[in-house]
């Protein structure tokens, strides 16, 4: 089996199948010729796996799916138009017919807001674990209607870590899958299936593509979790939509017992709701994946240098990242993140809102916007932007204090970035003394 750095460049692609093109071609077409009625029958009954209509499949997109599968050693995968589409499809699929999801209480703002207010409208309630490092607190929230546990492997914006293996064992004790959002880590820094996770979701907009030029999402599954009929009847329900070649209704598990989640998303959610990733966007993500190792390695190294700088600034109230001197995540970082625990960090700005506005204005090499994982270094005041939709209660529960500033470290020279922060601090605080 090829290793990570070979797969990120070559997995899922054979030039002989694409007119010997060196780069993955962009199949910019809405539909594909069926050739014959016999072939159409094979395509519609999954006897032949090929492209029919770009909303549910496209050769450029398929290469990206295969490449992502290889990077996480997944059994199956599907790529979508956004990370939120990936999250939403998984939550709605697992919660079909009602139920609840147990989740950590420190999540990306869009996730937390949708979990709190959107999914309950569809009968899927979210139970947030406030004492999120206490396994017993997770267990206390699980009941007969719980359909999954949901965590982020590195939280946004405070870079919190969790004991993934222990949480996976707990989930499996109650016959429910562990769903992890691995966006911040990417498969370069952490591969969740190796530690017991069952489903991975990504916003490929971030570190996977890495250039801030496209929106994309990914769902992967490990192919080993056994979905019991009593808790997950949706995977056993027979449908004419996925009939066999003889016209007999089938269930998702009959179509592909190793990939019920991604098969259901492709057969039903993409078909009926959409959120398909276009071929050009898939091409951009593939280009980004080709440099993921070099990008993440440098970003992590620069992040650790910036953390050390910030820890010694009197204008900084605190710094949150697993590499800080007094981080509570040292042990978890050593166990799960030997190559570094990501390139986002947060710190507490000691000045008032006027000074913070000036601080952002004075920066030359940090862009003020809400993406992460970009080749450019980014900075933002999370409580007013990425997590602005959360109530004061939710912000407190997530550990996001009013003075929180989040940095996503890019590929600029680390000395330039540190000097930029220093000059901004000096201008703001010296001009106000």
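Could you go through segment 349-367 and let me know if any residue there is at pLDDT 95 or above, outside any helix (DSSP H, G or I), touching a helix residue (DSSP H, G or I) at 6+ places or on another chain (Cβ under 9 Å) and closer than 30 Å to residue 194 by Cα. Checking segment 349-367: not a single residue is at pLDDT 95 or above, outside any helix (DSSP H, G or I), touching a helix residue (DSSP H, G or I) at 6+ places or on another chain (Cβ under 9 Å) and closer than 30 Å to residue 194 by Cα.
Going by the structure shown, is residue 285 over 14 Å from residue 217 (Cα atoms) and crowded, with 18+ Cβ neighbours inside 10 Å? Criteria not met by residue 285. The residue that is farthest from residue 91 (Cα to Cα), among those in segment 190-205 that are out of contact with any strand residue (DSSP E or B) (no Cβ under 7 Å at 6 or more places or on another chain) and crowded, with 24+ Cβ neighbours inside 10 Å, is 190. Determine whether segment 283-294 contains at least one residue that is over 19 Å from the mean Cα position of the chain (by Cα) and not in a loop (DSSP other than H, G, I, E, B). Yes, the conditions are met somewhere in segment 283-294. Among the residues making up segment 327-348, those that are surrounded by 24 or more Cβ atoms within 10 Å (Cβ to Cβ) and in a loop (DSSP other than H, G, I, E, B) are 341, 342, 343. Residues in segment 58-100 that are within 21 Å of the chain's Cα centre (by Cα) and outside any helix (DSSP H, G or I): 73, 74, 75, 76, 77, 78, 79, 80, 81, 82, 95, 100.
Please go through segment 42-74 and pick out each residue that is at pLDDT 95 or above and over 19 Å from residue 258 (Cα atoms). The answer is 58, 59, 60, 61, 63, 64. Restricting segment 250-272 to residues that are touching a residue at least 12 places away in the same chain (Cβ under 8 Å) and assigned to a loop (DSSP other than H, G, I, E, B) leaves a set whose member that is nearest to the chain's Cα centre (by Cα) is 259.
Scanning segment 277-286 finds no residues that are in contact with a strand residue (DSSP E or B) (Cβ under 6 Å, 6 or more places away or on another chain) and on the phi > 0 side of the Ramachandran plot.
Scanning segment 383-412 for residues that are in a loop (DSSP other than H, G, I, E, B) and touching a helix residue (DSSP H, G or I) at 6+ places or on another chain (Cβ under 9 Å) yields a count of 16. Take the residues in segment 1-44 that are in a loop (DSSP other than H, G, I, E, B) and touching a strand residue (DSSP E or B) at 6+ places or on another chain (Cβ under 9 Å), then tell me which one is surrounded by the fewest Cβ atoms within 10 Å (Cβ to Cβ). Here the residue is 30.
The values are calculated or read from the model by the stated rules, or taken from the named source; none is laboratory data. From a predicted model like this one, the values you see are computed outputs, not experimental measurements. Quick reminder, even Gly has a Cβ in these numbers, built from the backbone with ideal geometry, and neighbours come from all protein chains shown.
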